[in-house]
1. Would you mind telling me the share, in percent, of accessible area of segment 183-332 contributed by carbon and sulfur at probe 1.4 angstrom?
2. Give me the 1.4 Å probe accessible area per residue for the chain, excluding ligands and nucleic acids, in Å².
3. Let me check against my output: what whole-number percent is the relative contact order of the chain, with C-alpha pairs under 8 Å and at least 6 apart?
4. How much FRET efficiency would the formula 1/(1 + (r/R0)^6) give for residue 35 and residue 167, where r is the Cβ-Cβ distance and R0 is 41 Å, rounded to 0.05?
5. Is segment 220-359 best put as rounded, prolate or oblate by its Cα gyration tensor, with a ≥ b ≥ c the root eigenvalues, rounded for a/c under 1.5, and otherwise prolate when a/b is larger than b/c, oblate when not?
6. Rounded, prolate or oblate: which fits segment 116-182, taking a ≥ b ≥ c as square roots of the Cα gyration tensor eigenvalues, rounded meaning a/c under 1.5, else prolate when a/b beats b/c?
7. Once the cut-off is 19 Å, how many percent of the Cα-Cα pairs in segment 52-134 end up in the long-distance tail?
8. Ranked from the most accessible area to the least, with a 1.4 Å probe and all protein chains present, what is the order of 308, 222?
Amino acid sequence: MRLEVNNQGKFAYNILLEKDFSLLKGTLDELSDEKTKICIVTDTNVKRLYCEEVLGIFEGRKVFSFVFEAGEESKNLDTVRKLYKFLIENEFDRKDILLALGGGVVGDLCGYAAATYLRGIDFIQIPTTLLAQVDSSIGGKTGVDFEGYKNMVGAFYLPKAVYINLSTLKTLSEREYSSGMAELIKHGLIKDKTYYEDIISNKEKIKNRDLQIMEEMVYRSDLIKKGVVERDFKENGERVLLNFGHTLGHAIEKYFKFELSHGASVALGMLCAADISVERNMLFPEEYEKLKKLLSFFGLPVNLRIEDKDEVLKFTRNDKKVESGSLKFILLDGIGKAVIDRSVSSEDMKKALRSIKVE
Ligand code: NAD
(Lines give C-alpha, C1' and ligand atoms only; values in the text may rest on other atoms or scores of the structure.)
Protein backbone atom coordinates (compact mmCIF):
# COMPACT_ATOMS: atom_id res chain seq x y z
CA MET A 1 0.00 0.00 0.00
CA ARG A 2 1.13 3.51 -0.70
CA LEU A 3 0.17 6.96 0.54
CA GLU A 4 1.27 10.21 -1.06
CA VAL A 5 2.13 13.08 1.25
CA ASN A 6 1.97 16.64 -0.06
CA ASN A 7 3.58 19.74 1.32
CA GLN A 8 2.23 23.18 0.37
CA GLY A 9 0.08 21.56 -2.29
CA LYS A 10 2.96 19.72 -3.99
CA PHE A 11 4.01 16.07 -3.81
CA ALA A 12 6.60 15.62 -1.05
CA TYR A 13 7.12 11.88 -0.40
CA ASN A 14 5.50 8.46 -0.35
CA ILE A 15 4.68 6.33 2.65
CA LEU A 16 5.08 2.69 1.62
CA LEU A 17 3.50 -0.08 3.66
CA GLU A 18 5.10 -3.46 3.06
CA LYS A 19 5.48 -6.75 4.91
CA ASP A 20 9.22 -7.11 4.29
CA PHE A 21 12.23 -5.10 3.15
CA SER A 22 12.21 -6.40 -0.43
CA LEU A 23 11.11 -3.14 -2.06
CA LEU A 24 13.52 -0.98 -0.08
CA LYS A 25 16.27 -1.26 -2.68
CA GLY A 26 13.88 -0.24 -5.47
CA THR A 27 12.67 2.68 -3.36
CA LEU A 28 16.21 3.90 -2.89
CA ASP A 29 17.13 3.32 -6.54
CA GLU A 30 14.33 5.67 -7.53
CA LEU A 31 15.82 8.39 -5.32
CA SER A 32 19.53 7.97 -5.97
CA ASP A 33 22.09 6.34 -8.26
CA GLU A 34 24.55 3.57 -7.37
CA LYS A 35 27.32 6.09 -6.61
CA THR A 36 25.31 7.54 -3.75
CA LYS A 37 26.71 6.55 -0.37
CA ILE A 38 24.24 5.20 2.17
CA CYS A 39 24.50 5.52 5.94
CA ILE A 40 22.16 3.37 8.00
CA VAL A 41 21.54 5.10 11.32
CA THR A 42 20.17 2.76 13.96
CA ASP A 43 20.26 1.84 17.65
CA THR A 44 21.82 -1.18 19.35
CA ASN A 45 18.55 -3.17 19.61
CA VAL A 46 17.44 -2.61 16.03
CA LYS A 47 20.97 -3.32 14.76
CA ARG A 48 20.83 -6.76 16.36
CA LEU A 49 17.43 -7.50 14.78
CA TYR A 50 17.45 -5.93 11.31
CA CYS A 51 20.72 -4.28 10.34
CA GLU A 52 22.27 -7.31 8.67
CA GLU A 53 19.18 -7.90 6.54
CA VAL A 54 19.05 -4.28 5.43
CA LEU A 55 22.80 -4.16 4.75
CA GLY A 56 22.40 -7.30 2.60
CA ILE A 57 19.81 -5.59 0.43
CA PHE A 58 22.33 -2.95 -0.64
CA GLU A 59 25.15 -5.33 -1.54
CA GLY A 60 27.37 -3.78 -4.17
CA ARG A 61 26.70 -0.24 -2.97
CA LYS A 62 28.73 1.87 -0.58
CA VAL A 63 26.91 1.30 2.69
CA PHE A 64 27.97 2.42 6.17
CA SER A 65 26.24 1.99 9.48
CA PHE A 66 26.20 4.27 12.50
CA VAL A 67 24.90 2.63 15.66
CA PHE A 68 24.15 4.32 18.99
CA GLU A 69 22.94 3.02 22.34
CA ALA A 70 19.17 2.40 22.30
CA GLY A 71 17.00 4.70 24.42
CA GLU A 72 15.81 8.27 24.83
CA GLU A 73 19.04 9.10 26.76
CA SER A 74 20.89 8.94 23.41
CA LYS A 75 18.60 11.46 21.74
CA ASN A 76 20.92 14.40 22.24
CA LEU A 77 23.42 16.65 20.50
CA ASP A 78 26.34 14.51 21.60
CA THR A 79 25.07 11.58 19.51
CA VAL A 80 24.37 14.00 16.64
CA ARG A 81 27.96 15.28 16.93
CA LYS A 82 29.30 11.71 16.70
CA LEU A 83 27.13 11.12 13.65
CA TYR A 84 28.40 14.33 11.95
CA LYS A 85 31.96 13.18 12.65
CA PHE A 86 31.26 9.73 11.21
CA LEU A 87 29.79 11.27 8.06
CA ILE A 88 32.72 13.67 7.63
CA GLU A 89 35.27 10.89 8.14
CA ASN A 90 33.50 8.81 5.51
CA GLU A 91 33.28 11.77 3.13
CA PHE A 92 29.51 12.00 2.91
CA ASP A 93 28.38 14.88 0.74
CA ARG A 94 25.04 16.39 -0.20
CA LYS A 95 24.31 13.72 -2.83
CA ASP A 96 24.47 10.95 -0.23
CA ILE A 97 21.64 9.63 1.88
CA LEU A 98 20.85 8.58 5.46
CA LEU A 99 18.45 5.78 6.39
CA ALA A 100 16.78 6.07 9.80
CA LEU A 101 16.20 2.43 10.76
CA GLY A 102 14.44 2.24 14.13
CA GLY A 103 11.87 3.82 16.40
CA GLY A 104 11.07 7.45 17.06
CA VAL A 105 14.41 8.10 18.74
CA VAL A 106 16.37 7.02 15.67
CA GLY A 107 13.96 8.83 13.30
CA ASP A 108 14.02 12.12 15.21
CA LEU A 109 17.79 12.11 15.67
CA CYS A 110 18.70 10.97 12.15
CA GLY A 111 16.18 13.41 10.68
CA TYR A 112 17.73 16.28 12.62
CA ALA A 113 21.25 15.29 11.54
CA ALA A 114 20.01 15.07 7.93
CA ALA A 115 18.41 18.52 8.21
CA THR A 116 21.61 20.13 9.44
CA TYR A 117 24.56 18.20 7.97
CA LEU A 118 25.86 20.29 5.06
CA ARG A 119 22.64 22.34 5.42
CA GLY A 120 20.56 19.32 4.55
CA ILE A 121 21.05 15.91 2.98
CA ASP A 122 18.40 13.37 2.00
CA PHE A 123 17.07 10.78 4.40
CA ILE A 124 14.54 7.97 4.44
CA GLN A 125 12.50 6.96 7.47
CA ILE A 126 12.30 3.19 8.07
CA PRO A 127 10.19 3.15 11.25
CA THR A 128 10.28 -0.11 13.21
CA THR A 129 8.07 0.67 16.23
CA LEU A 130 4.30 1.06 16.06
CA LEU A 131 4.63 4.58 17.46
CA ALA A 132 7.09 5.52 14.74
CA GLN A 133 4.97 3.90 12.00
CA VAL A 134 1.81 5.81 12.91
CA ASP A 135 3.24 8.97 14.37
CA SER A 136 6.85 10.11 14.58
CA SER A 137 8.00 9.20 11.04
CA ILE A 138 5.15 11.19 9.48
CA GLY A 139 4.94 14.94 9.59
CA GLY A 140 8.51 16.19 9.33
CA LYS A 141 9.25 16.98 12.97
CA THR A 142 12.86 16.11 13.77
CA GLY A 143 14.97 16.93 16.79
CA VAL A 144 16.75 15.99 19.96
CA ASP A 145 16.43 16.59 23.69
CA PHE A 146 18.62 19.25 25.31
CA GLU A 147 19.71 19.50 28.96
CA GLY A 148 16.71 17.52 30.12
CA TYR A 149 14.21 19.38 27.93
CA LYS A 150 12.43 17.13 25.44
CA ASN A 151 12.66 17.91 21.74
CA MET A 152 14.09 21.35 22.54
CA VAL A 153 16.35 21.52 19.48
CA GLY A 154 14.98 20.52 16.12
CA ALA A 155 13.81 21.30 12.63
CA PHE A 156 10.89 20.66 10.35
CA TYR A 157 12.51 18.51 7.66
CA LEU A 158 10.87 16.04 5.33
CA PRO A 159 12.16 12.58 4.47
CA LYS A 160 12.39 11.45 0.83
CA ALA A 161 10.27 8.41 1.68
CA VAL A 162 8.84 6.51 4.63
CA TYR A 163 9.28 2.76 4.23
CA ILE A 164 7.25 0.72 6.71
CA ASN A 165 7.96 -2.99 7.06
CA LEU A 166 5.01 -4.12 9.18
CA SER A 167 6.73 -7.40 10.08
CA THR A 168 9.05 -5.47 12.37
CA LEU A 169 6.06 -5.08 14.72
CA LYS A 170 6.41 -8.78 15.56
CA THR A 171 9.61 -8.29 17.55
CA LEU A 172 8.41 -5.33 19.62
CA SER A 173 7.99 -5.79 23.37
CA GLU A 174 4.44 -5.66 24.78
CA ARG A 175 5.30 -2.30 26.36
CA GLU A 176 6.36 -0.73 23.07
CA TYR A 177 3.47 -2.24 21.13
CA SER A 178 0.84 -0.94 23.52
CA SER A 179 2.60 2.42 23.64
CA GLY A 180 2.04 2.72 19.87
CA MET A 181 -1.57 1.57 20.27
CA ALA A 182 -2.29 4.68 22.35
CA GLU A 183 -1.39 6.91 19.36
CA LEU A 184 -3.37 4.76 16.94
CA ILE A 185 -6.46 4.97 19.15
CA LYS A 186 -5.87 8.71 19.53
CA HIS A 187 -6.08 9.21 15.76
CA GLY A 188 -9.51 7.57 15.70
CA LEU A 189 -10.71 9.57 18.70
CA ILE A 190 -9.74 12.94 17.28
CA LYS A 191 -10.69 12.53 13.63
CA ASP A 192 -12.49 9.37 12.57
CA LYS A 193 -15.28 7.65 14.48
CA THR A 194 -15.55 4.77 11.98
CA TYR A 195 -11.85 4.08 12.32
CA TYR A 196 -12.15 4.12 16.12
CA GLU A 197 -15.04 1.65 15.96
CA ASP A 198 -13.10 -0.56 13.57
CA ILE A 199 -10.24 -0.67 16.06
CA ILE A 200 -12.74 -1.90 18.66
CA SER A 201 -14.24 -4.56 16.40
CA ASN A 202 -10.80 -5.84 15.31
CA LYS A 203 -9.14 -5.56 18.69
CA GLU A 204 -8.27 -9.27 19.04
CA LYS A 205 -6.51 -9.41 15.68
CA ILE A 206 -4.73 -6.13 16.40
CA LYS A 207 -3.55 -7.44 19.75
CA ASN A 208 -2.25 -10.58 18.00
CA ARG A 209 -0.35 -8.35 15.56
CA ASP A 210 -2.11 -9.87 12.57
CA LEU A 211 -0.23 -8.23 9.70
CA GLN A 212 -3.22 -8.06 7.38
CA ILE A 213 -5.27 -6.04 9.83
CA MET A 214 -2.25 -4.02 10.95
CA GLU A 215 -1.59 -3.01 7.36
CA GLU A 216 -5.08 -1.52 7.22
CA MET A 217 -4.90 0.05 10.69
CA VAL A 218 -1.48 1.65 10.21
CA TYR A 219 -2.57 2.89 6.76
CA ARG A 220 -5.70 4.54 8.14
CA SER A 221 -3.83 6.02 11.07
CA ASP A 222 -1.21 7.47 8.71
CA LEU A 223 -3.97 8.79 6.48
CA ILE A 224 -5.36 10.77 9.43
CA LYS A 225 -1.97 12.09 10.53
CA LYS A 226 -0.82 13.02 7.03
CA GLY A 227 -4.11 14.84 6.39
CA VAL A 228 -3.66 16.99 9.48
CA VAL A 229 -0.01 17.70 8.70
CA GLU A 230 -0.73 18.57 5.07
CA ARG A 231 -3.25 21.15 6.19
CA ASP A 232 -1.09 22.59 8.97
CA PHE A 233 2.60 21.67 8.64
CA LYS A 234 4.04 24.08 11.22
CA GLU A 235 1.39 23.59 13.90
CA ASN A 236 -0.28 26.96 13.61
CA GLY A 237 -3.77 25.52 13.97
CA GLU A 238 -5.26 22.08 13.37
CA ARG A 239 -2.04 20.12 14.06
CA VAL A 240 -2.37 20.94 17.74
CA LEU A 241 -5.32 18.48 17.83
CA LEU A 242 -2.75 15.67 17.58
CA ASN A 243 -1.80 16.64 21.12
CA PHE A 244 -5.05 15.18 22.46
CA GLY A 245 -4.19 13.51 25.78
CA HIS A 246 -0.67 14.95 25.71
CA THR A 247 -1.01 17.96 28.04
CA LEU A 248 -1.72 15.87 31.13
CA GLY A 249 0.01 12.84 29.53
CA HIS A 250 3.35 14.66 29.30
CA ALA A 251 2.87 16.07 32.81
CA ILE A 252 2.21 12.55 34.19
CA GLU A 253 5.23 11.25 32.24
CA LYS A 254 7.46 13.91 33.82
CA TYR A 255 5.97 13.48 37.29
CA PHE A 256 6.84 9.76 37.18
CA LYS A 257 10.32 10.60 35.82
CA PHE A 258 9.66 8.75 32.55
CA GLU A 259 9.11 5.38 34.24
CA LEU A 260 5.78 5.00 32.44
CA SER A 261 5.95 4.51 28.68
CA HIS A 262 4.96 7.50 26.56
CA GLY A 263 1.84 5.63 25.38
CA ALA A 264 0.85 4.72 28.93
CA SER A 265 1.07 8.38 29.96
CA VAL A 266 -0.86 9.47 26.87
CA ALA A 267 -3.54 6.85 27.59
CA LEU A 268 -4.05 8.35 31.06
CA GLY A 269 -3.96 11.86 29.61
CA MET A 270 -6.61 10.89 27.05
CA LEU A 271 -8.83 9.52 29.80
CA CYS A 272 -8.49 12.78 31.74
CA ALA A 273 -9.36 14.80 28.63
CA ALA A 274 -12.31 12.48 27.95
CA ASP A 275 -13.45 12.95 31.55
CA ILE A 276 -13.44 16.75 31.15
CA SER A 277 -15.37 16.30 27.88
CA VAL A 278 -17.99 14.23 29.74
CA GLU A 279 -18.20 16.90 32.48
CA ARG A 280 -19.02 19.44 29.76
CA ASN A 281 -21.67 17.22 28.15
CA MET A 282 -19.59 16.88 25.00
CA LEU A 283 -19.13 13.13 25.39
CA PHE A 284 -21.47 10.44 26.71
CA PRO A 285 -20.33 8.70 29.92
CA GLU A 286 -20.76 5.33 28.11
CA GLU A 287 -18.18 6.48 25.54
CA TYR A 288 -15.75 7.28 28.33
CA GLU A 289 -16.26 3.77 29.76
CA LYS A 290 -15.82 2.20 26.32
CA LEU A 291 -12.51 4.04 25.87
CA LYS A 292 -11.33 2.93 29.28
CA LYS A 293 -12.07 -0.70 28.38
CA LEU A 294 -10.30 -0.41 25.05
CA LEU A 295 -7.12 1.11 26.51
CA SER A 296 -7.11 -1.52 29.22
CA PHE A 297 -7.55 -4.29 26.62
CA PHE A 298 -4.31 -3.14 25.00
CA GLY A 299 -2.45 -3.25 28.29
CA LEU A 300 -2.50 0.50 28.84
CA PRO A 301 -3.06 1.82 32.37
CA VAL A 302 -6.40 3.40 33.21
CA ASN A 303 -5.77 4.08 36.89
CA LEU A 304 -2.86 5.59 38.73
CA ARG A 305 -1.93 6.61 42.23
CA ILE A 306 -0.86 10.25 42.09
CA GLU A 307 0.12 11.59 45.51
CA ASP A 308 0.76 15.18 44.52
CA LYS A 309 -1.65 16.43 41.83
CA ASP A 310 -0.40 20.02 42.12
CA GLU A 311 3.05 18.82 41.15
CA VAL A 312 1.58 17.22 38.00
CA LEU A 313 -0.20 20.48 37.20
CA LYS A 314 3.08 22.39 37.51
CA PHE A 315 4.40 20.38 34.58
CA THR A 316 1.48 21.48 32.40
CA ARG A 317 2.55 25.11 32.80
CA ASN A 318 5.66 24.79 30.67
CA ASP A 319 3.75 22.74 28.14
CA LYS A 320 4.47 23.92 24.59
CA LYS A 321 0.74 24.23 23.98
CA VAL A 322 0.62 27.23 26.29
CA GLU A 323 0.19 30.38 24.21
CA SER A 324 0.13 33.82 25.83
CA GLY A 325 -0.52 32.24 29.19
CA SER A 326 -3.58 30.23 28.17
CA LEU A 327 -3.41 26.49 27.69
CA LYS A 328 -4.71 25.01 24.44
CA PHE A 329 -6.39 21.94 25.86
CA ILE A 330 -7.81 19.39 23.43
CA LEU A 331 -11.26 17.98 24.20
CA LEU A 332 -13.59 15.63 22.38
CA ASP A 333 -16.83 17.00 21.02
CA GLY A 334 -18.03 13.45 20.46
CA ILE A 335 -15.92 10.52 19.24
CA GLY A 336 -14.00 11.43 16.08
CA LYS A 337 -14.11 15.18 16.66
CA ALA A 338 -11.42 16.91 18.67
CA VAL A 339 -11.62 20.62 19.47
CA ILE A 340 -9.27 23.20 20.98
CA ASP A 341 -10.44 24.62 24.29
CA ARG A 342 -8.81 27.50 26.14
CA SER A 343 -11.04 27.45 29.19
CA VAL A 344 -9.82 24.28 30.95
CA SER A 345 -8.72 25.38 34.42
CA SER A 346 -6.29 23.86 36.90
CA GLU A 347 -9.31 22.82 38.95
CA ASP A 348 -10.81 20.97 35.93
CA MET A 349 -7.53 19.15 35.41
CA LYS A 350 -7.21 18.28 39.07
CA LYS A 351 -10.72 16.84 39.04
CA ALA A 352 -9.86 14.83 35.92
CA LEU A 353 -6.73 13.49 37.62
CA ARG A 354 -8.95 12.34 40.48
CA SER A 355 -11.05 10.39 37.95
CA ILE A 356 -8.12 8.08 37.15
CA LYS A 357 -7.24 7.41 40.80
CA VAL A 358 -6.73 3.84 41.98
CA GLU A 359 -9.98 2.71 43.64
P1 NAD B 1 12.37 4.22 20.63
O2 NAD B 1 12.88 4.67 19.33
O3 NAD B 1 13.22 4.43 21.82
O4 NAD B 1 12.01 2.68 20.52
C5 NAD B 1 11.56 2.00 21.66
C6 NAD B 1 12.42 0.74 21.92
O7 NAD B 1 12.08 -0.25 20.96
C8 NAD B 1 13.91 0.96 21.80
O9 NAD B 1 14.55 0.23 22.81
C10 NAD B 1 14.24 0.37 20.43
O11 NAD B 1 15.56 -0.08 20.36
C12 NAD B 1 13.26 -0.76 20.34
N13 NAD B 1 12.87 -1.18 19.00
C14 NAD B 1 12.66 -0.42 17.91
N15 NAD B 1 12.15 -1.17 16.93
C16 NAD B 1 12.05 -2.43 17.39
C17 NAD B 1 11.56 -3.65 16.85
N18 NAD B 1 11.03 -3.71 15.63
N19 NAD B 1 11.61 -4.76 17.62
C20 NAD B 1 12.09 -4.70 18.89
N21 NAD B 1 12.54 -3.58 19.48
C22 NAD B 1 12.52 -2.46 18.72
O23 NAD B 1 10.95 4.88 20.98
P24 NAD B 1 9.62 5.13 20.14
O25 NAD B 1 8.52 4.87 21.08
O26 NAD B 1 9.62 4.47 18.83
O27 NAD B 1 9.70 6.70 19.87
C28 NAD B 1 9.72 7.63 20.93
C29 NAD B 1 10.40 8.89 20.45
O30 NAD B 1 9.64 9.43 19.37
C31 NAD B 1 10.49 9.98 21.51
O32 NAD B 1 11.79 10.50 21.50
C33 NAD B 1 9.50 11.02 21.05
O34 NAD B 1 9.87 12.32 21.42
C35 NAD B 1 9.52 10.83 19.56
N36 NAD B 1 8.30 11.27 18.87
C37 NAD B 1 8.47 12.08 17.80
C38 NAD B 1 7.36 12.51 17.08
C39 NAD B 1 7.56 13.36 15.87
O40 NAD B 1 6.57 13.87 15.33
N41 NAD B 1 8.77 13.51 15.39
C42 NAD B 1 6.08 12.10 17.46
C43 NAD B 1 5.95 11.26 18.57
C44 NAD B 1 7.08 10.85 19.27
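1. That share works out to 47 percent.
2. With all protein chains present, the chain gives 44 Å² per residue.
3. For the chain, the relative contact order is 14 percent.
4. According to the calculation, E is roughly 0.85.
5. Rounded, since a/c falls under 1.5.
6. Because a/c hits 1.5 or more and a/b fails to exceed b/c, segment 116-182 counts as oblate.
7. Within segment 52-134, distances greater than 19 Å cover 36 percent of Cα pairs.
8. Ranked list, largest accessible area first: 308, 222.
The values are calculated or read from the model by the stated rules, or taken from the named source; none is laboratory data. Treat the numbers as computed from the prediction; the structure is a model and nothing was measured. Backbone-built Cβ (ideal geometry, glycine too); neighbour counts: all protein chains shown. Accessible surface areas use protein heavy atoms only, side chains included; no ligands, DNA or RNA. Shrake-Rupley method; radii C 1.70, N 1.55, O 1.52, S 1.80 Å.
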